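Here's the structure, in structure tokens; my notes come after.
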Amino acid sequence: MAAQICHPETRVIAFCGDGGFHATSQELETLVRYSLPVVIVVLSDSAFGLIKYYQNRNSSEPQRHLTELGPVDFTLLANANGVSATKILDIADFPDALEKAFQTHQPHLIEIPVKYDYNFLQLIA
């Protein structure tokens, strides 16, 4: 938001994981109240990914009960706060969705469901 306020002529985009976005989603209302045309991209895997990574660095057993989230439809959350939203299921649609979001000159959320195909233990071996 500060980047948009300081540079109103600049396109501002924020990339967030869904876990981190949960901690700040109330700011959707602030974007609407101040008419800040920030585009938020939420990469959704229903987990606190960074926490999951660090908790699993030294363990052979994932601690899913501490790091995984229930499913959330972030487009509905955005709409509930007065923010338009798009969910894309094919990454090839991202450039077009991003351009359309910027053309609205309003806050907009783009949700992208993701699935990470890696084994934490192999990353640190």
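Every number in this text was worked out from the coordinates using simple rules, so none of it is lab data. Computed from a predicted structure; not experimentally measured. Please note: Cβ atoms are built from the backbone with ideal geometry, for glycine as well, and neighbour counts cover all protein chains shown.
Which of Asp90, Asp73 has the fewest other C-beta atoms within 10 Å, and how do the rest follow up to the most?
Exposure proxy ranking, most exposed first: Asp90, Asp73.
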Exercise. Treating cross-link reach as a plain straight distance, find the lysines whose alpha-carbon is under 18 Å from the alpha-carbon of Lys115, omitting any fewer than eight places away in the same chain.
Key: Lys52, Lys87
Self-check item: Amide H contacts under 5 Å for Ala85, placed H, 5+ residues apart
Solution: Leu109
Quiz item: Between Ala23 and Ile91, what FRET efficiency follows from the Cβ-Cβ distance if R0 is 30 Å, with the result rounded to 0.05?
Solution: 0.75
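In percent, what relative contact order does the stretch 2-116 have, based on Cα pairs under 8 Å that are 6 or more apart in sequence?
Relative contact order of the stretch 2-116: 32 percent.
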Exercise. Take peptides 91-104, 32-45 and line them up by average Cβ neighbours within 10 Å, highest first, as a rough protection proxy.
Key: 32-45, 91-104
Self-check item: the chain: antiparallel DSSP beta bridges as a percent of all, rounded to 5
Solution: 5
Self-check item: Likely footprinting exposure, Thr10, Thr86, Thr75, fewest C-beta neighbours within 10 Å first
Solution: Thr10, Thr75, Thr86
Self-check item: Mean projected area (nm²) of the alpha-carbon convex hull when the chain is viewed from all directions
Solution: 8.6
Self-check item: Phi-based couplings in Hz for the stretch 78-92 (Karplus 6.51, -1.76, 1.60; Gly and Pro marked x)
Solution: 4, 4, 5, 9, x, 9, 5, 8, 9, 10, 10, 9, 10, 4, 5
Exercise. Return the FRET efficiency for the residue pair Asn79, Phe15: r is the Cβ-Cβ distance, R0 is 35 Å, and the value is rounded to the nearest 0.05.
Key: 0.95
